[in-house]
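Have a look at the structure below, then the notes.
Only the coordinates and a few stated rules stand behind these numbers; no lab work does. Small disclaimer: the values here were computed from a predicted structure and weren't measured. All Cβ positions, even for glycine, are placed from backbone atoms using ideal geometry, and neighbour counts span all protein chains on display.
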Amino acid sequence: MRAGRAIKWLCIVAALSGAGASAYTWGPRLYARWFSEGEVSKRQEEARYTAAKRDDLRILIVEDGKLRAVKYHAVYPQLKGENRISWLIPEGTAAKKGEKVLEFDKKPREEVLRTKKADLETQKRQVTVAEETLKIQRSSSKASLRAAETKLHDTQVALRVYQNLEGPKRLNELEAAITDARAKHNAKIKELGEAQKRIDEQLFTDEQQRKVLDKDLLDTKNAVEMMAKAVETGVLQQKTYRRYDYPQNLTAKKQAVETAQLDLEKARVAATSEVNQKEQELAKVNDTIRNLTEQIAELETELKNCTLLAPADGMVLYGDPNRPYYMYREQGLRVGLEWYGSNTLMTIPDTSVFEVTIAIGEEYRGKVSEGAKAMITVEAIPGLTLEGELKKIEGLARNRVPWDQASPKVFDATVLPSQTDERMVSGMTTRVEIVAEVVPKALVVPLEAVFNENGTPVCYVRKGAGTERREVEPGKSNDHQVQILSGLVEGEQVDLTPQRSATAGQGGYGPGGKRPPATRPGATQPTTRSGATQPTTRLTTQAATQPATQATTQSATRPSSTQAATTQPATKA
């Protein structure tokens, strides 16, 4: 029984598998037979042709940009030198005001703080020693100064005493001695005259008496001579004292006074210098204490600043929106990263107002101006399209790739959306379409309908069952459409795939006919419309003699949608 059921199920599975294989193999052929060949051909014709029509042609500049908040709260360290991050809040975290968001390593500063405090205690002890040394030095200097002043006073007194007392007294003594010697000399001369007179007037009767008188006369003569010599000696002493002794002694006394004055000045300078030296030593210690105190206070403040707190409620975003190319972007903000100075580490954006930053290529700078309207789409929010306005264009161009001086020049610009969405977050990628110009009621066809053959823009216009090759004059264009200035009229249908034309003649191509090579000006090899392997070049701008106005650019990091129309293997006409 069981074997019969197994065989039955195997047959069912084999039948279903065969039916599936048959459907896969023969299904497309059977399906094609269900539709008439005319209906299939009609649908192909509808997909192949499109009509030239009148429409407003919007010339756009399409750029990728970044969404950022107009206002944001910057989180940056208030520390000097390099600092290592020891803790970091994850990016995108919703932080509360006052909540810790980042912390730097505190150990190096804590070690320095302990060393500074120990040095401060040592310097405080040095202050006491320096103050006592200063007191001793001031006392010693005062004693030395008083001794010098006393010496000067004594020499000045000695000079005055010599000038006013000793010198005149000595002169008076010498004068008195001379006067006394002269008086005695005169007296002796008088005695000598009297003695001589006695001898001359007296009659001597006794020889002995005469001898006595002669002896007295001789003694008187000797005394006169002695007194004369005494007078001469006194006069000589007086002259010597006046000319030599007195001036020499007076000069010595004056020199002693001058020497004392110099010693006093020297003592004053020495005292002042030694006291100043000790005062400077004390001031140096006090300066060291003051510096250490300031350094300790600064270190304590830095230890407090090692912990960064959220300045407001909001989502934490790493980096500085004003410096998007800062070096830490390459490494990423992370624990262990060395951070230098007070550069912004992270921000907390204010989500009430946003703006979009874009870079406009220098070739399109003259086509837009501040106040131009724009449409903004946010890639992370499907279906969200915002209107905006070009608020600002920087006046100085920069390289699109900052570190590549050969990269194209761009102008940074800011677009302000007219409204915000609660789902918008700073850093989201946006696509901005700036309306550079609107050409009203322009005759337009799709970009795919215009070709450049040997430098001539052409369209293939439907005519009967085939197409007619017709030269056209293209005008302005955008990502999808191009303006036709001449060569077509409204309502005419143009072939998007002219290599499939069915008739020949009048410049068209019939079944099996070959189309001449279609290239853009400047292409080195012609490209042909032979199936899908070699795409025919599309015309995206005006003719070669008219400058292009299609304002399609690409971002430095992601190509815009217009790049598909501008990076075909041939050049624009």
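Structure values in brief
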item	result
Loop-located trypsin sites (Lys or Arg not before Pro) in the range 401-484, at most 11 other Cβ atoms within 10 Å (DSSP)	Arg423
At R0 = 25 Å, FRET efficiency that the Cβ-Cβ distance of Glu471 and Glu46 yields, to 0.05	0.45
Extent along principal axes [Cα atoms of the range 122-177; Å; largest to smallest]	79, 11, 7
Using a Förster distance of 25 Å, the FRET efficiency for Asp421-Lys392 (Cβ separation, nearest 0.05)	0.65
Cα-Cα over 22 Å, subset of Lys116/Lys304; Lys151/Lys239; Lys71/Lys106; Lys66/Lys100; Lys392/Lys441; Lys190/Lys215	Lys151/Lys239; Lys71/Lys106; Lys66/Lys100; Lys392/Lys441
Thr50 long-range amide H proximity, modeled H, under 5 Å	Val494, Leu496
Isotropic mean projected area of the C-alpha convex hull, the range 249-295 (nm²)	2.8 nm²
For the range 396-500, convex hull of alpha carbons as volume per residue, Å³	229 Å³
Separation of alpha-carbon centers, the range 98-114 and the range 347-390, rounded to whole Å	41 Å
Trypsin sites (Lys or Arg not before Pro) within the range 331-368, DSSP loop, no more than 15 other Cβ atoms inside 10 Å	Arg334
Alpha carbon centroid spacing (whole Å) that separates the range 224-281 from the range 131-208	17 Å
Asn186 paired with Arg198, simple spin-label distance in nm, labels 7 Å along Cα-to-beta-carbon	2.3 nm
Under the Karplus curve 6.51 cos²θ - 1.76 cosθ + 1.60, θ = phi - 60°, whole-Hz ³J(HN,Hα) for the range 154-162, x wherever Gly or Pro sits	5, 5, 5, 5, 4, 5, 5, 4, 5
For the range 336-478, convex hull of alpha carbons as volume per residue, Å³	242 Å³
Sites matching chymotrypsin sites (Phe, Trp or Tyr not before Pro) across the range 370-469 that sit in DSSP coil, with at most 11 neighbouring C-beta atoms within 10 Å	Trp403
Pairwise FRET efficiency - Lys239 versus Gln209, Cβ, R0 = 35 Å, nearest 0.05	0.20
Footprinting exposure proxy for Leu303, Leu57 (fewest neighbouring C-beta atoms within 10 Å first)	Leu303, Leu57
Eligible aspartates and glutamates near Lys117 by straight Cα distance, threshold 16 Å, same-chain separation 8 or greater	Asp287, Glu294, Glu298, Glu300, Glu302
Residue-span extension gain [Val127 to Ile12] - 0.36 nm each, minus C-alpha spacing	30.5 nm
Binned Cα-Cα distance frequencies in the range 240-382 - 5 Å width, integer %	2, 6, 7, 8, 8, 7, 7, 6, 5, 4, 4, 4, 4, 4, 4, 3, 3, 3, 3, 3, 2, 2, 1, 1, 0, 0, 0
For the range 109-305, radius of gyration divided by Kirkwood radius, i.e. Rg to Rh on alpha-carbons	1.65
Full-extension gain in nm, Thr307 to Gln261, via 0.36 nm per residue minus C-alpha separation	9.7 nm
Taking the C-alpha atoms of the range 113-208, convex hull volume expressed per residue in Å³	133 Å³
Added length on full extension, which subtracts the Cα-Cα distance from 0.36 nm per residue, Ile381 to Asp216	43.2 nm
Unit Cα scatterers, Debye sum, the range 433-476: log10 I(q)/I(0) for q = 0.13 Å⁻¹	-0.39
